[in-house]
Amino acid sequence: MARDAGIGVGVSEDVEARFVAFVGTHRDRARRLAWRLIGGDEAAAEDVVQDAFVRAFEALGRFREESTLETWFYRILVRQAHNHRRWRRVRELWGGVGDADAADPRARGPGDPALRRRIAGALDGLSRPQREAFVLVHLEGFTTAETAGLMGKPEGTVKSHLHRALKGLRAQLADVHDPGEGISS
Amino acid sequence: MTEQRKSPGDPAGGDARLVETMREHYAPPEMTPAETAAFNAALWKRIERRRARPGWLPTLVAAGAVAAAAWLALPSVLEVIQGSGAHETVVAEQAAPSDWERDLADPTRIVASNDVETAAELPDDYAAIASAFLGG
């Protein structure tokens, strides 16, 4: 990631270089995670991710090791995504905000858009901890131990959430087949 | 942090296929190089704006919010205070009628009052009225 604009005095080259490297490493994964947690809104996901990166920039000096900064960053990201969902719900109640794909004219992405909406709907039907645990572990590949750290819950609780999430999703998406067999939506 | 690492708790069979399908279909589009550059530029702008913001601004905003909440709550607080006072006033007024109310209802009380000196001290015009109406 190259920096085009000057940050100004007070930012060392070392901090800047660390931050540039951090963004380059985590941008795509953070964006994908936020997108999946929020429910498929690209613009909102970008907003959430940028906000989390700004906080990471401000906190860089506090973290000597990248691994702890990484854990802290994803924890912030998960919390910001939840805040966005909560405020979107309030806006829906008061102002009638519509479907994420309808709101985003670039409703594009891999695979079948209708299936994408069904999956978003099924995830929406889970409780917050179940949804977060499922997305973090099964879609993003965090281990249950890492997810427990991100969610601030014991690992056993995370496993329980995963079990319930899979049960709920199985019921909602029972007719979704293996890609090799053709997708049913 | 690891990505896509298998663990003993991974779903098996149908659940594994479901998860794989979701992983494949439920993802944002890849960013183009132009979109990546725009993302980075927007991120630096945010950082600059945040650094340019005065440090006391969040405190000021929080203080303003507290003041606004207190101001909005003030009428209901005043109503509670005044309401309890009015209630007491109503209760007091519903007590036994005062002497002047009894006098108004029954003017003969004035004349029949044991307090002869008070009756004798009526102003002349009142005394004239009393004598005209009460046969004095």
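The values are calculated or read from the model by the stated rules, or taken from the named source; none is laboratory data. None of the values given here were measured: they were computed from a predicted structure. Neighbour counts are summed over all protein chains in view; Cβ atoms, including those assigned to glycine, are modelled from backbone coordinates with ideal geometry. All accessible areas refer to the heavy atoms of the entire protein, side chains included, with ligands and DNA or RNA removed. Shrake-Rupley method; radii C 1.70, N 1.55, O 1.52, S 1.80 Å.
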Original post:
Relative contact order for segment A:1-97: what is it in percent, counting Cα pairs under 8 Å that are at least 6 residues apart?
Top reply: 27
Subject >> Pairwise burial B:A, computed as accessible area of each alone minus the pair, summed, 1.4 Å, Å² >> reply: 4700
Original post:
When Cβ neighbours within 10 Å are restricted to other protein chains, what is their mean count per residue of peptide A:60-66?
Top reply: 0
Subject >> Hz values of 3J(HN,Hα) by residue in segment B:24-29 - Karplus curve (6.51, -1.76, 1.60), Gly and Pro given as x >> reply: 6, 8, 9, 8, x, x
**OP:** Go through segment A:27-48 and flag every residue whose accessible area shrinks by 40 Å² or more with all protein chains in place compared to the isolated chain (probe 1.4 Å).
**Re:** A:ARG27, A:ARG29, A:ARG31, A:ARG32, A:TRP35, A:ARG36
Original post:
Relative to the compact globular guide of 2.2 N^0.38 Å, what is the alpha carbon radius of gyration of segment A:1-97, as a ratio?
Top reply: 1.20
Original post:
Taking θ as phi - 60°, what are the ³J(HN,Hα) couplings along segment A:36-41 by the Karplus curve (6.51, -1.76, 1.60), each to the nearest whole Hz, with x for Gly and Pro?
Top reply: 5, 6, 6, x, x, 9
Subject >> Inter-chain shielding of B:37-50 (mean C-beta neighbours from other protein chains, 10 Å cut-off) >> reply: 6
